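Read through the structure below, which is laid out as structure tokens, and then see the notes.
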Amino acid sequence: MLLNFDGKKVTGTIETNQQKDTVNASYSHPLFDSYYETLIARTIELKDGFIFKYPDYIYEEGGLVWQSGKVEKTSDSPFGKNIWAITYTDSRSGRKTTYWIDKERKLIRLQYQFGDKISIQKPE
């Protein structure tokens with residue numbers, strides 16, 4: 001997968017063993033590459049109750065996907081005090097992603113939820 005993001009345009013190629021797809025799409029908004037979701041979570045404004053929405057590009061979901069979410073400060077969590085939870089919801093798949101970070105913006109835990117299935121990642 002090799003994609004170029006230039007403002008409101010996404011171009012590139014997606015190659016698998018079975019096929020090669022060319023991407024040449026224009027949108028009404030500049031898009032983020034979905035690869036950078038963790039970076040966005042770690043740099044978003046840490047303000048309790050802050051609600052956000054931004055356009056994301058996910059090839060496997062047909063291109064433009066709106067991510068929306070909320071920033072919440074937890075006074076007490078399984079990871080300690082003063083931990084921030086940044087939760088995203090994918091507008092297409094309904095996937096819910098939660099990042100827990102500390103005040104220094106260190107990622108503590110990442111959780112993906114697809115319906116009743118949960119995947120947890122603990123960074124090293």
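Computed packing ranks the peptides 67-73, 100-106, 113-119 as 67-73, 100-106, 113-119, most packed first, by mean other Cβ atoms within 10 Å.
Our summary gives the chain a relative contact order of 14 percent, counting only alpha carbon pairs under 8 angstrom and 6 or more residues apart. Only the Cβ atoms of Lys and Arg (+1) and of Asp and Glu (-1) were treated as charged; on that basis the dipole of the chain about its Cα centre amounts to roughly 340 debye.
For a straight C-alpha distance cut-off of 19 angstrom, the aspartates and glutamates reachable from residue 103 (same-chain residues fewer than eight places away being disregarded) are 37, 45, 48, 72, 76, 124.
Which GluC sites (Glu not before Pro) in the stretch 8-50 sit in a loop by DSSP (not H, G, I, E or B) and have at most 10 other Cβ atoms within 10 Å of their own Cβ? Show your work: numbers first, answer last.
Numbers: sites: 15, 37, 45; in loops: 45.
Counting only loop positions with at most 10 other Cβ atoms within 10 Å, the GluC sites (Glu not before Pro) in the stretch 8-50 are 45.
Among 6-14, 18-26, the peptide with the highest mean count of other Cβ atoms within 10 Å heads the list, and the full ranking is 6-14, 18-26. Adding -39500 (n - 2.57) for every DSSP H run of four residues or longer, then dividing by how many residues the chain holds, sets the calculated 222 nm ellipticity at -1500 deg cm²/dmol.
Going Cα to Cα from residue 8, which aspartates and glutamates come in below 15 Å? Please leave out same-chain ones fewer than 8 positions away. Excluding near neighbours in sequence, the set is 33, 56. For the stretch 10-83, with the dipole built from +1 on Lys and Arg beta-carbon atoms and -1 on Asp and Glu ones, taken about the Cα centre, which of 50, 25, 13 lies farthest toward the positive end? Of 50, 25, 13, it is 50.
Each Lys or Arg adds one and each Asp or Glu subtracts one; over the other residues with Cβ under 12 Å from the Cβ of residue 84, this totals +4.
No value in this document is a laboratory result; all are computed from the given coordinates. Keep in mind that what you see is a predicted model, and the values were worked out from it rather than measured. A quick note on method: Cβ atoms are made from the backbone with ideal geometry, for glycine too, and the neighbour counts reach across all protein chains shown.
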